[in-house]
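**Student:** Below you will find the structure I want to go over with you.
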Amino acid sequence: MGGTWWLAYINAVCLTGRYPDDWEGRVWNRPIKAMVVSPTGEQQIEGVQRLLAGDIPGRWGEGLPDDAYPLLPKDSIVKVSMNQDVTGSIASIQVRWKDTNDISIVYFKTQGQKAAAIMGWEMDLISNDEFPENSKYFFQQIPRIVTRKGSIVVSATPEHGAKKMAVIKHFRDEPLFDSEGNPTSYYEFISIYELEKDGIPHKELLDRELGYPAFERPFRVYGRPMYGAGILYKTSNHLLKITRNELPDPRNCRHIIGLDWGLADFGAMVFMMAEINSNKWYVWRVHKFKGMSARQVAYRYILPVYDEFNIQIPVAWDHGASQKDFSGESVRNEMRECGVNMLKTRSYNAFMTNNQNSRAPLEGIKECSRMMEEAKLFVLTQEEFGDTEMQSWWDEKSDFSLTEDGEIIKRKEARFDVMDAFRHAVIMRKKARFDDDEYSVQPKQAKMDWNVRLHGQQRQPRPRRNCSYN
């Protein structure tokens, strides 16, 4: 939402050299050569061209009193050259740089032109309004900015998915770095809820989100690429979010941890809890790890929580990676030796009454989705909470999808270790425990006192009890 306007604004600022005081982007201390690429000539006229120069031929730089465009001041436009192939389409605009006689220039191109159409050009700034459908066109742009040490900008709604879009993969999965190791590529997902900063009420934005079909919400609302045929968890993020102040006291809850030990030593764990007599569950801690041993994971992430709340939370686990000497059983045994309360058998769909031994992942995913839809699941917001990584839960939830064939998307396309750990916790939540005294309820203490202990003065850990293996 507003991506084309944002792209036009960047060009107007850089072409004129009139950078606002709060500008955080790149600054050129000279006139620039820029190129704007639109999907078609018609979209160029209605999009970036209209926002930059207006829509009154021969009176470029002029607009109606109530319009927020054109962004280029009339006195900055030196010359406009028209495209002879598309009526009303501009080929280039010469722009006065600051209050000098120096000239910046912006050229307008379309994706319909062959990649060879821009070969040999040297640019400071290349802006793409929507992803180039032909990835060759995009990758031909990269050599065009090398000589002048320029920049490429893409503003797009990723409605065509990530699997098919090489440009998304380039920005998201293949970041570039300079010789000193500094990143030279960057991407950001922009949500419509950013508009709250401009005074639009949250309820209005939520109503706008719910007005989209569920499968369109990832890219229409949150700006995230959609993998495969559609997301699995369709419940709005804003119906699941809670803050730290809304969490129950962990000392008055029953707990379960879901652990996923994935391929190539990737892994994740998700902490869930629910008050004793409640069926509302809260995801309140998330950790991701790579290249760590089971012992390192136990001592870094699990045992400190045991000490803090004096409860040996049971851990639901899967078979793990199918590596010769690193199966799920070996992880379970190693963690048990450290004092972690690992469940005796790997996770199964314990919520099912007709087939207790079912391990079908899709059934577990349906159970997770049902809890979200019935308002029985709440998740801590992305804010920092100790050393947890809550953002990864939200990121994977937004990407978790089915393929075109109705299968769960494969790990080679995107990692979902957190979602797998979350599923293990959900399907084994009937094994959740309050403490070692069979759910004996302790007197409640002042709410959020536990938070002070986590972030303020730490008490000395109590001796751990002997681990009980469920």
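**Student:** Looking only at segment 13-23, filter to residues that are surrounded by fewer than 24 Cβ atoms within 10 Å (Cβ to Cβ) and within 21 Å of ASP124 (Cα to Cα); which one of those is nearest to the chain's Cα centre (by Cα)?
**Tutor:** Among residues in segment 13-23 that are surrounded by fewer than 24 Cβ atoms within 10 Å (Cβ to Cβ) and within 21 Å of ASP124 (Cα to Cα), the one nearest to the chain's Cα centre (by Cα) is TRP23.
**Student:** Do you know which residues across segment 29-50 are over 23 Å from PHE138 (Cα atoms) and outside any loop (DSSP other than H, G, I, E, B)?
**Tutor:** ARG50
**Student:** Something else about it: Please tell me if ARG26 is in a loop (DSSP other than H, G, I, E, B), surrounded by fewer than 18 Cβ atoms within 10 Å (Cβ to Cβ) and touching a strand residue (DSSP E or B) at 6+ places or on another chain (Cβ under 8 Å).
**Tutor:** Considered against the rule, which asks whether it is in a loop (DSSP other than H, G, I, E, B), surrounded by fewer than 18 Cβ atoms within 10 Å (Cβ to Cβ) and touching a strand residue (DSSP E or B) at 6+ places or on another chain (Cβ under 8 Å), ARG26 comes out as yes.
**Student:** Please indicate, with yes or no, whether at least one residue in segment 51-64 is of a type outside the set (D, E, K, R) and within 32 Å of the chain's Cα centre (by Cα).
**Tutor:** Scanning segment 51-64, I find at least one residue that is of a type outside the set (D, E, K, R) and within 32 Å of the chain's Cα centre (by Cα), so the answer is yes.
For every residue, the table says whether it meets (1) aromatic (Phe, Trp, Tyr); (2) modelled with pLDDT of 75 or more; (3) farther than 22 Å from LYS109 by Cβ; (4) not assigned by TED's automatic domain parsing to the domain that holds TRP394.
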{"position": "ASN128", "(1), (2), (3), (4)": "no, yes, no, yes"}
{"position": "PRO143", "(1), (2), (3), (4)": "no, yes, no, yes"}
{"position": "THR147", "(1), (2), (3), (4)": "no, yes, no, yes"}
{"position": "LYS164", "(1), (2), (3), (4)": "no, no, yes, yes"}
{"position": "LEU205", "(1), (2), (3), (4)": "no, yes, yes, yes"}
{"position": "ILE231", "(1), (2), (3), (4)": "no, no, yes, yes"}
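**Student:** Inside segment 255-284, can you point out the residues that are within 20 Å of the chain's Cα centre (by Cα) and surrounded by fewer than 22 Cβ atoms within 10 Å (Cβ to Cβ)?
**Tutor:** Matches in segment 255-284: PHE266 only.
**Student:** Has segment 306-323 got any residue that is out of contact with any His (no Cβ under 8 Å at 6 or more places or on another chain), modelled with pLDDT of 90 or more, assigned to a helix (DSSP H, G or I) and surrounded by 19 or more Cβ atoms within 10 Å (Cβ to Cβ)?
**Tutor:** yes
**Student:** Condition (residue is over 28 Å from PHE219 (Cα atoms), touching a Ser or Thr at 6+ places or on another chain (Cβ under 7 Å) and loosely packed, with under 14 Cβ neighbours inside 10 Å) applied to segment 136-146: is it met by at least one residue?
**Tutor:** Within segment 136-146, not a single residue is over 28 Å from PHE219 (Cα atoms), touching a Ser or Thr at 6+ places or on another chain (Cβ under 7 Å) and loosely packed, with under 14 Cβ neighbours inside 10 Å.
**Student:** Report, by residue number, each residue of segment 71-100 that is touching a strand residue (DSSP E or B) at 6+ places or on another chain (Cβ under 9 Å), of a type outside the set (Gly, Ala, Ser) and free of Cβ contacts under 8 Å to residues at least 24 places away in the same chain.
**Tutor:** Listed by number, the residues that qualify are ASP75, LYS79, MET82, GLN84, GLN94.
**Student:** Please determine, by comparing only the residues of segment 263-298 that are of a type in the set (Val, Ile, Thr) and touching a residue at least 60 places away in the same chain (Cβ under 8 Å), which one is nearest to GLU373 (Cα to Cα).
**Tutor:** Within segment 263-298, the match that is nearest to GLU373 (Cα to Cα) is VAL283.
The values are calculated or read from the model by the stated rules, or taken from the named source; none is laboratory data. Source: prediction; values computed, not measured. For neighbour counting, all protein chains shown are included, and Cβ atoms are generated from backbone atoms with ideal geometry for every residue, glycine included.
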